[in-house]
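Below: the structure, in structure tokens.
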Amino acid sequence: MTAAVRVFFVGGLISYRALFNWLRPGMYVTTMLGSPLFQILFFTYLGRFTRNENDAFFIVGNAVQVAAMSSIYGMVMGIANERQFGTLSPLLATPANRLALFLGRALPYIANGLVVSAFGFAVSWALLGFSLDAGDVPALALIVLVTTVACTALGMLIGSIGLRARDVFFAANLVYFLMLLFCGVNVSLDDLPGWMAAIGRGLPLTHGIQAARRVAAGASLGDVGGLVVTEALIGLAYAVAGYALFRLFEGEGRRRASLETF
Amino acid sequence: MVRLFYAGWLFHLKNLSNSLFFVLISVLQPVIFASIAFFMYRSGQRPGTLLYVALGAGLMGIWSSTLFGSGGAIQWQRWQGTLEIVVAAPAPFLLVLVPLTLATSTIGLYSIVGTLFWGRLFFGVPLDFVHPFQLAVALPATVISLGLMGLLLASTFVLYRQASAFSNLLEYPVWLVTGLLVPLSLLPGWVTWISWALAPSWGIKAIRAAALGGGGAWSAIGMCALLGAVYLALGAVFMKNFERLARQRATLSLT
């Protein structure tokens, strides 16, 4: 039990430091803070031109969505880079608890996602005049946390595919961009065709963004409880699928001696 | 020289076209952003602007492919171990690099074609171009000016170890300040000054004037040519400096 806890916390932190490509300050600031800042500005100004929604719609949507940058790209790096860097075989040769190994590396990316999202809200307050009642902040923080965890679960699933696929970063990029379209980040689900909205409802982020928008508009956490629980359940489903794929590809890799072949 | 230039451009064009990453940023990403913008414009009920959006989203793709392709051009040559060979070759290094940066902007043409095709097929965007001849001139002028801007990026980013950090940072800001989807009149006044120094601003002006009418296409094409010449001159100076320093310090292959 103690070993599993150590693998969860210490192993997770070490893997974050070793495998997260954007950890250097220069890279972190430009990619994890600069890019989300300009994404929020871009879509808010675009929204001002198209006049389909108010500023808060775009600010909340994008400030929550940017957490997915850490959750998806980071988590994919956290799993798939083991294979890219040639450390997958030694890692899987250890008797370490697989669940602790798998889930522990998610923790730093979740914390990272929260930082990025908080930064997004802060710069929106500073540059775009976005305001939020102080009493709404805890509820919003909880929603962002649940959403970030759910997105990290999706990142785990894609990362696990990276144990087998040749170019998993292509998939990570594609999923990240598609979430901008399908998850109601900049276009309300009501304005999307039915099939796109249906896909969006099956993805992490969608319900979290809806809940965050309602809380930012003054609703209480209780009012959006259903949305938050749905977001959490979607995240759980992706985490289970991700872990199942992780174990499947581990077993397949052992059987075929193809853990690190591309 | 012409053969070297053409062979280099064609080689890099084929090479980049085979890269999934460049397919993503020059085809899929612009189509996704165009779709977002189409839905936003539609739900905002702004009339007659879908071709405006398709062209803007297409140029966003040209900028992305130029930014990521040219920004990391020298770094990639380093990683692949070909930098020493091309620098040591008798041909001027500039003549080797310009075809590469032009190829990165040329594959951006996929994004214009992709967003127009996508817009026509799924959003009923009318493809009625007011001045087809002007458009036929504006497109290559824009691509060349962006390719030369790519040379400037390549020669500047090489000074920094993590060029991709700048590439990740600069994608959205240039989309924003060059008016590709958001009119500059909505942004603070000082942004206009920045936009004048950036080729995509004049490229989109030329392309939109040619496609949608309204005049000003030739002057915008002229500005693309002028900026392209400035980028080339600056890029040549920076590249010469980089080559000299790298030879002196023996740091050519160091990442």
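Would you check which residues across the stretch A:89-131 are under 22 Å from A:Ala68 (Cα atoms) and either of a type in the set (S, T, N, Q) or not in a helix (DSSP H, G or I) (or both) and list them?
Across the stretch A:89-131, the qualifying residues are A:Arg105, A:Ala106, A:Asn112, A:Ser117, A:Ser124, A:Phe130.
Within the stretch A:219-240, identify whether any single residue is modelled with pLDDT of 95 or more and part of a loop (DSSP other than H, G, I, E, B), and answer yes or no.
No, because not a single residue in the stretch A:219-240 is modelled with pLDDT of 95 or more and part of a loop (DSSP other than H, G, I, E, B).
All but one of (1) in contact with a helix residue (DSSP H, G or I) (Cβ under 6 Å, 6 or more places away or on another chain); (2) in contact (Cβ under 8 Å) with a residue 24 or more places away in the chain hold for A:Leu91; which doesn't?
(2) is the only condition that A:Leu91 fails.
Pick from A:Arg51, A:Arg24: which is within 10 Å of chain B (Cβ to nearest Cβ), more than 21 Å from the chain's Cα centre (by Cα), more than 30 Å from A:Ala257 (Cα to Cα) and free of Cβ contacts under 8 Å to residues at least 60 places away in the same chain?
Every option except A:Arg51 fails the conditions.
If I filter the stretch B:168-200 down to residues being hydroxyl-bearing (Ser, Thr, Tyr), within 15 Å of the chain's Cα centre (by Cα) and more than 9 Å from chain A (Cβ to nearest Cβ), which single residue comes out as farthest from B:Leu67 (Cα to Cα)?
By that ranking, first place goes to B:Ser195.
I'm checking my understanding of the structure. Among residues of the stretch A:181-192 that are in contact with a helix residue (DSSP H, G or I) (Cβ under 6 Å, 6 or more places away or on another chain) and touching a residue at least 60 places away in the same chain (Cβ under 8 Å), which one is farthest from A:Phe85 (Cα to Cα)?
A:Asp191
If A:Ser220 satisfies every condition in (1) crowded, with 20+ Cβ neighbours inside 10 Å; (2) within 30 Å of A:Phe130 (Cα to Cα); (3) polar (S, T, N, Q) but one, which is the exception?
(1) is the only condition that A:Ser220 fails.
Among the numbered criteria (1) within 16 Å of A:Ala153 (Cβ to Cβ); (2) surrounded by fewer than 16 Cβ atoms within 10 Å (Cβ to Cβ), which one does A:Asn54 miss?
With (1) within 16 Å of A:Ala153 (Cβ to Cβ); (2) surrounded by fewer than 16 Cβ atoms within 10 Å (Cβ to Cβ) applied to A:Asn54, the lone miss is (1).
Would you mind stating whether A:Ser70 is under 16 Å from A:Leu180 (Cα atoms), among the hydroxyl-bearing types (Ser, Thr, Tyr) and at the interface with another protein chain (Cβ under 9 Å from one of its Cβ atoms)?
So A:Ser70 does not fit the description; no.
So, restricting to helices (runs of 4 or more DSSP H) that lie completely within the stretch B:1-114, which ones have at least 3 residues that are within 14 Å of another protein chain (Cβ to nearest Cβ), in contact (Cβ under 8 Å) with a residue 12 or more places away in the chain and closer than 18 Å to B:Gly179 by Cα?
So the answer is B:29-43, B:50-71.
Just a yes or no: is a residue in the stretch B:202-217 among the aromatic types (Phe, Trp, Tyr) and either surrounded by fewer than 19 Cβ atoms within 10 Å (Cβ to Cβ) or at pLDDT below 95 (or both)?
no
Are any residues in the stretch A:158-181 assigned to a helix (DSSP H, G or I) and either buried (at least 24 other Cβ atoms within 10 Å of the Cβ) or of a type in the set (Lys, Arg) (or both), and if so, which ones?
Within the stretch A:158-181, A:Ile158, A:Gly159, A:Ser160 meet the criteria.
Determine, yes or no, whether B:Leu24 is buried (at least 17 other Cβ atoms within 10 Å of the Cβ) and under 16 Å from the mean Cα position of the chain (by Cα).
Yes, satisfied.
Return yes or no: is B:Ser155 among the hydroxyl-bearing types (Ser, Thr, Tyr) and within 14 Å of another protein chain (Cβ to nearest Cβ)?
No.
The values are calculated or read from the model by the stated rules, or taken from the named source; none is laboratory data. Because the structure is a prediction, the values reported are computed rather than measured. Ideal geometry is used to build each Cβ from the backbone, glycine not excepted, and the neighbour counts take in all protein chains shown.
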